[in-house]
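Have a look at the structure below, then the notes.
The values are calculated or read from the model by the stated rules, or taken from the named source; none is laboratory data. This one's a predicted model, so the numbers in the text were calculated from it and none came from an experiment. Here the Cβ is made from the backbone with ideal geometry for all residues, glycine too, and neighbour counts use every protein chain on show. With ligands, DNA and RNA removed, areas are computed over all heavy atoms of the protein, side chains included. Shrake-Rupley method; radii C 1.70, N 1.55, O 1.52, S 1.80 Å.
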Amino acid sequence: MKRIGLFLATNFAVLIVFSIVLNIIYAVTGMQPGSLSGLLVLAAVFGFGGSIISLLMSKSMALRSVGAQVIEHPRNETEHWLMNTVSQQAQRAGIGMPTVAIYNSPDINAFATGAKRNDSVVAVSTGLMQNMTRDEAEAVLAHEISHIANGDMITMTLMQGVVNTFVIFISRVIAGAVSGMNSDEEGEGGGNWMMYFLISSVLEIVFGILASILTMWFSRHREFRADAGSAQLVGKQKMIAALERLKVSQEPKLEGSMMAFGINGKKTLSELFMTHPPLEKRIDALRRGDHL
């Protein structure tokens, strides 16, 4: 879950910065918010810009956020096993060899991210290696490899770009109407810039939260697909065993954005805002053969 959490957090931060820049552009150039075509173009540029920047930064940010150590030359049997397992699975999935990293954490967790299928990273926690059997860990790695092979981060970026564009566009259309900043037919406009800025900023936050329901739905959907991909790579029973291990484990304890890259899914306010489906549903889907 950590990959998605950092991606969304970075995207939101970039979006806020771009929103401020957009207001400055309006003020300096005299462009009127009521010009729908111009507003839509700018909303698309800034909306997709935020998600693309988030994607390009995802690999380095994810590694830094957990203090992961890239394995360049395996130093022990565990690291040798990790490198060999990831290499074999990547070949079977038809992707380039990912960077492999390990980080110190008691949580049973793993993540994969990257802007390209052939330039990605797979990282696992020490807690996962210590608390899972090799078969279970193999299934988790296959789950992350499937995320890369499915191009989930690219698809998430495109979806987030569309969502950002409409959040910016609709927020500013409404703010322009309320504050009187919409231009008339001659391109002249009046109104209160401060009111426009405040209203548009509040609406972007509100609409952004509502739009996250869509992105969270896709995040849950891609987890089922990655589980199915793992089942195809290493066998259904191994993935079920890994999920059952997570179900009975007291780890991980982190919630929300700190778990946005991992393999576990826990309820927050409601299932609509969950990045991962409940473990029971994932296990049931594998047993039924859904998405296989």
Practice item. Identify the single condition in (1) in contact (Cβ under 8 Å) with a residue 40 or more places away in the chain; (2) open to solvent by 10 Å² or more (accessible area, probe 1.4 Å); (3) not in a loop (DSSP other than H, G, I, E, B) that Ala112 does not satisfy, given that it satisfies every other one. Key: (2)
**Study point:** Check on Val41, more than 29 Å from Ser105 (Cβ to Cβ), at pLDDT 80 or above and surrounded by fewer than 17 Cβ atoms within 10 Å (Cβ to Cβ)
**Key:** no
Check your understanding: Taking the range 166-182 on its own, how many of its residues are modelled with pLDDT of 90 or more and either within 16 Å of Leu214 (Cα to Cα) or buried (at least 23 other Cβ atoms within 10 Å of the Cβ) (or both)?
Key -> 2
Revision key, fill the gap. Here the residues within the range 120-145 that are open to solvent by less than 10 Å² (accessible area, probe 1.4 Å), outside any strand (DSSP E or B) and not β-branched (Val, Ile, Thr) are Gly127, Leu128, Ala137, Ala139, Leu141, Ala142, His143, Glu144
Review point. Which ones in the range 66-80 are touching a Phe, Trp or Tyr at 6+ places or on another chain (Cβ under 9 Å) and surrounded by 17 or more Cβ atoms within 10 Å (Cβ to Cβ)?
Key: Val66, Ala68
Exercise for review: For Ala211, state whether it is part of a helix (DSSP H, G or I), more than 25 Å from Phe273 (Cα to Cα) and modelled with pLDDT of 85 or more.
Suggested key: no
Exercise for review: Collect the residues in the range 47-88 that are touching a Gly at 6+ places or on another chain (Cβ under 8 Å) and under 18 Å from Val124 (Cβ atoms), keeping them in residue-number order.
Suggested key: Ser58, Lys59
Revision key, fill the gap. By residue number, the members of the range 263-272 that are at pLDDT 65 or above and open to solvent by 70 Å² or more (accessible area, probe 1.4 Å) are Leu272
